[in-house]
Amino acid sequence: LLSLIPALLFLLGKKGMGVAGGVFVALLALLEGSNAIMLYQKVGGINAKLEATELLTSVFLIVFCLAVIKWFINPRNHIWAAIAGGILGLAALIRFTPFFILPGILLTYLICNHKHPKIFITGIALFVMTFSLSFAPFVVTAKGPDGNNYYLAKIQDVISSRYSNNQANTTINDL
């Protein structure tokens, strides 16, 4: 699955910069991967990046970008809105950070299609609906070992670790 990244980047680069741009972007991805493999052979370790979720999320985000480009080029073809929303929802299940792309896409689509409210409302509705259908069921039913919602517990842990009272009272002398 990860070997699709250069091919998908070629398609994405070809959309914006032509065939030469697509080849260039794909070659950069290939060089980055081969350099990482050579480095880890010399250091004698494993490539933790290949075992983490970032690369799988990047595959989903590249496909998402391709779908968004198709959707923005032809906003009347709402199937691309549905595909883009579903892919973004699946990417957000792997890592939560793609969720924050959602407001930017909605705002960009509003700016691009503000003169056509029917097309805008239909496209956004399909995008949000398929995003919700692919993302929400897993978020609602995800339970940790203690029986609490996994995602809400993670969000609470992040907020409490970053904004605890101990951190707020830290002075320069304590560092």
From the list 64, 138, exactly one residue is modelled with pLDDT of 90 or more and either over 30 Å from residue 37 (Cβ atoms) or assigned to a helix (DSSP H, G or I) (or both). Which is it? 64
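Among the listed residues 90, 107, identify the single one that is among the aliphatic types (A, V, I, L, M), in a helix (DSSP H, G or I) and in contact with a Ser or Thr (Cβ under 8 Å, 6 or more places away or on another chain). Walk me through how you get there before you give the answer.
On the way: 107 fails: in contact with a Ser or Thr (Cβ under 8 Å, 6 or more places away or on another chain).
Just a single option satisfies the conditions, and that option is 90.
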If we scan the stretch 70-78, do we find a residue that is touching a residue at least 24 places away in the same chain (Cβ under 8 Å), over 22 Å from the mean Cα position of the chain (by Cα) and within 20 Å of residue 105 (Cβ to Cβ)? yes
Out of the residues in the stretch 110-135 that are outside any helix (DSSP H, G or I) and without any contact (Cβ under 8 Å) to a residue 24 or more places away in the chain, which is nearest to the chain's Cα centre (by Cα)? 114
Residue 34: passes all of (1) open to solvent by less than 60 Å² (accessible area, probe 1.4 Å); (2) touching a helix residue (DSSP H, G or I) at 6+ places or on another chain (Cβ under 7 Å) but (2)
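The values are calculated or read from the model by the stated rules, or taken from the named source; none is laboratory data. Since the structure is predicted, the reported quantities are computational estimates derived from the model, not experimental observations. Using ideal geometry, Cβ is built from the backbone for each residue, glycine included, and neighbour counts are taken over all protein chains shown. Keep in mind that these areas ignore ligands, DNA and RNA; they rest on the heavy atoms of the full protein, side chains included. Shrake-Rupley method; radii C 1.70, N 1.55, O 1.52, S 1.80 Å.
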